[in-house]
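For reference, the structure discussed in these notes is given below.
The values are calculated or read from the model by the stated rules, or taken from the named source; none is laboratory data. Worth saying up front: this structure is predicted, and the values here are computed from it rather than measured. Reconstructed Cβ throughout: ideal geometry from the backbone, glycine too, with neighbour counts over all protein chains shown. With ligands, DNA and RNA removed, areas are computed over all heavy atoms of the protein, side chains included. Shrake-Rupley method; radii C 1.70, N 1.55, O 1.52, S 1.80 Å.
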Amino acid sequence: QLSCVTIHTIMRHSTQAKDIILRTLRTCNHIFSAKTLQKMLPRMDKVTLYRALTTLKKEDQIDPICHRNGEQWYEMHSHDKKHHHHIVCTSCEKIACIPCSIPNMRVRGFSTPHHNAWFEALCHSCNK
């Protein structure tokens with residue numbers, strides 16, 4: 001059984017980890033995976049990192065984008081950002097956003113459908 005002191009320590013540590021992750025993500029402004037964050041925050045242990053990501057996702061502060069090479073990728077949640085997709089360079093892993101040209105659609109008998117697309121190509125620098 002956990003004591004109140006133990007629970008308070010876990011909660012404080014979790015909040016600190018979330019704050020550190022959010023500060024880090026606001027400076028980089030692109031999509032990320034847990035592995036990306038581990039490189040940026042080498043002093044944060046894996047368990048704390050994954051717990052913080054799970055909490056941030058539940059709190060709608062980050063959005064899952066896709067799975068790539070066995071990893072979940074995310075981006076910061078934004079209410080004013082329009083629906084879009086991503087393209088990644090298969091060589092240097094540079095990432096860019098692509099506007100979505102598919103209008104909101106309705107399908108009879110279904111709730112409003114959603115979709116995600118992930119494109120891969122060589123960027124101009126790597127294609128030279």
(request) State whether one or more residues within the stretch 104-124 are at pLDDT below 85 and at positive phi. (result) no
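Evaluate the following for residue 48: is it surrounded by 14 or more Cβ atoms within 10 Å (Cβ to Cβ) and touching a Lys or Arg at 6+ places or on another chain (Cβ under 8 Å)?
Criteria not met by residue 48.
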(request) Determine which member of the set 89, 66 is modelled with pLDDT of 85 or more, open to solvent by less than 80 Å² (accessible area, probe 1.4 Å) and under 24 Å from residue 124 (Cα atoms). (result) 89
(request) Taking the residues in the stretch 18-31 that are modelled with pLDDT under 85 and surrounded by 15 or more Cβ atoms within 10 Å (Cβ to Cβ) as candidates, determine which candidate is farthest from residue 88 (Cα to Cα). (result) 24
(message) Residues that are touching a Leu at 6+ places or on another chain (Cβ under 8 Å) and either of a type in the set (Asp, Glu) or more than 13 Å from residue 31 (Cβ to Cβ) (or both): does the stretch 110-128 have at least one?
(response) no
